[in-house]
Amino acid sequence: MSALEPSRFLASSDDPEVELNNLQALDEDPICERVAQNLQRLRGKRHLSLDALARQCGVSRAMLAQIESGRSVPSIKVLCKIAKGLKVSVAAFLEHRAFEGVTVLAASQSKRLVSANGAFVSRTLFPFDVARQSEFYELRLSPLGEEQSDGHGPGVQENLVVSQGVLEISVNDERYLLSTGDSILFYADQAHRYRNPADSEAVAYLVVTYPERLD
């Protein structure tokens, strides 16, 4: 099974029960507190009592109470069993903000950045209120338009693919002409420029990756 498959993070039905005394006691641990808050939120959203959740996920009520009160943090096997019972990803317990694995972002709600002359439009394709290590954008550049960037933070990378038209990417003094379907990956902590040399609009999709998680 690939390490990227979501099912890798779900517990199977034959996982053994983990006893309460196998939990680690982590007083005032930020991870412990985050798991506790997210468990309370997810259980409350589903209107489940501790007893009901215990029956649903196969983890004892006492163990759930310990976790939810922040007195203990569960092992990964216990957390997987709870996640399976609540039908969420294990990652939902570790997020700083509420995210249960699926978010739909309507086009009308996307944030847009427009250059001063209106030639360059960047639309975010990700929710702004979730911590992340990468960002996803739609870029539109008017005919013969261009956009210049002085560079981002150290280690930032950009991975861009052209979906319509042609686009010239300049990284320092090197120029790369991309046609529809072409992609490019480069370090964006140096000066770079997007330019549309054609007489029709260019559309591209861009993933920006940061060396550290953005909080």
Practice prompt. State yes or no: is Phe93 closer than 22 Å to Asp189 by Cβ and of a type in the set (Phe, Trp, Tyr)?
Written response: no
Item to complete: For segment 171-188, name all the residues that are of a type outside the set (A, V, I, L, M), surrounded by fewer than 16 Cβ atoms within 10 Å (Cβ to Cβ) and in contact (Cβ under 8 Å) with a residue 24 or more places away in the chain.
Response: Ser183, Tyr187
Worksheet item: What is the one condition in (1) crowded, with 17+ Cβ neighbours inside 10 Å; (2) of a type outside the set (Asp, Glu); (3) closer than 30 Å to Ala91 by Cα that Leu105 does not satisfy?
Response: (1)
Practice prompt. Hey, could you check segment 42-76 for residues that are of a type in the set (D, E, K, R), part of a helix (DSSP H, G or I) and surrounded by fewer than 16 Cβ atoms within 10 Å (Cβ to Cβ) and say which is modelled with the lowest pLDDT?
Written response: Lys45
Item to complete: Return yes or no: is Ala116 at pLDDT 95 or above and either closer than 30 Å to Asn38 by Cβ or not in a strand (DSSP E or B) (or both)?
Response: no
Worksheet item: Taking into account only those residues within segment 199-215 that are of a type outside the set (Asp, Glu) and surrounded by fewer than 14 Cβ atoms within 10 Å (Cβ to Cβ), which is modelled with the highest pLDDT?
Response: Ser200
Worksheet item: Quick one: which strands (runs of 3 or more DSSP E) sit completely within segment 163-215 and have at least 3 residues that are assigned by TED's automatic domain parsing to the domain that holds Phe136 and not aliphatic (A, V, I, L, M)?
Response: 174-178, 183-187, 192-195, 202-214
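The values are calculated or read from the model by the stated rules, or taken from the named source; none is laboratory data. Model, not experiment: these values are computed from the prediction. Neighbour counts run over all protein chains shown; Cβ positions are idealised from the backbone, glycine included.
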